[in-house]
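> This is the structure I want to talk about, given as structure tokens.
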Amino acid sequence: MAESSDEYVYDEATGEWRPAAELAAAAEAARPQPRDAAGNLLADGDSVTLIKDLKVKGANQTLKQGTVIRSIRLTDDPDEIDCKHESIKGLVLRTEFVRKR
């Protein structure tokens, strides 16, 4: 039996009152998940490998194919990851150019 302190939210799509936690879980599941070029799910702390040479804007440097990037961090955009490289700080890469190790 549900406690009286549970919050309910009106779901306009179904016309029902549903628990707020249930709607939040459904919204999280519907949010796009970050995936690498091969379709593998990415998570914070994963290591990735570059699948092509990338010119880094502002650093006048090229990261070569096969370069390993460790300890990535996910961003709010599922198409981008935040990462560090020994010579480049604050590096943001598109997920379409990396493959999970």
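> Just to be sure, is T75 at pLDDT 95 or above and touching a strand residue (DSSP E or B) at 6+ places or on another chain (Cβ under 6 Å)?
no
> Also, quick follow-up: Among the residues of the range 17-34, are any in contact with a strand residue (DSSP E or B) (Cβ under 9 Å, 6 or more places away or on another chain), closer than 20 Å to E96 by Cβ and not hydroxyl-bearing (S, T, Y)?
There is at least one residue in the range 17-34 that is in contact with a strand residue (DSSP E or B) (Cβ under 9 Å, 6 or more places away or on another chain), closer than 20 Å to E96 by Cβ and not hydroxyl-bearing (S, T, Y).
> Looking only at residues in the range 81-98 that are part of a strand (DSSP E or B) and in contact (Cβ under 8 Å) with a residue 24 or more places away in the chain, which one is surrounded by the fewest Cβ atoms within 10 Å (Cβ to Cβ)?
Going through the qualifying residues, I end up with I88.
> Determine, yes or no, whether T62 is assigned to a loop (DSSP other than H, G, I, E, B) and at pLDDT below 95.
The answer is no for T62.
> Does the range 52-59 contain any residue that is under 28 Å from L93 (Cα atoms), at pLDDT 95 or above and assigned to a loop (DSSP other than H, G, I, E, B)?
Scanning the range 52-59 turns up at least one residue that is under 28 Å from L93 (Cα atoms), at pLDDT 95 or above and assigned to a loop (DSSP other than H, G, I, E, B).
> For the range 12-51, which residues satisfy the criterion of being touching a helix residue (DSSP H, G or I) at 6+ places or on another chain (Cβ under 8 Å) and either part of a strand (DSSP E or B) or of a type outside the set (D, E, K, R) (or both)?
Once the filter is applied, which keeps residues that are touching a helix residue (DSSP H, G or I) at 6+ places or on another chain (Cβ under 8 Å) and either part of a strand (DSSP E or B) or of a type outside the set (D, E, K, R) (or both), the range 12-51 yields P34, R35, A37, L42, L50, I51.
The values are calculated or read from the model by the stated rules, or taken from the named source; none is laboratory data. Remember, it's a predicted structure, so these values are computed and weren't measured experimentally. Here the Cβ is made from the backbone with ideal geometry for all residues, glycine too, and neighbour counts use every protein chain on show.
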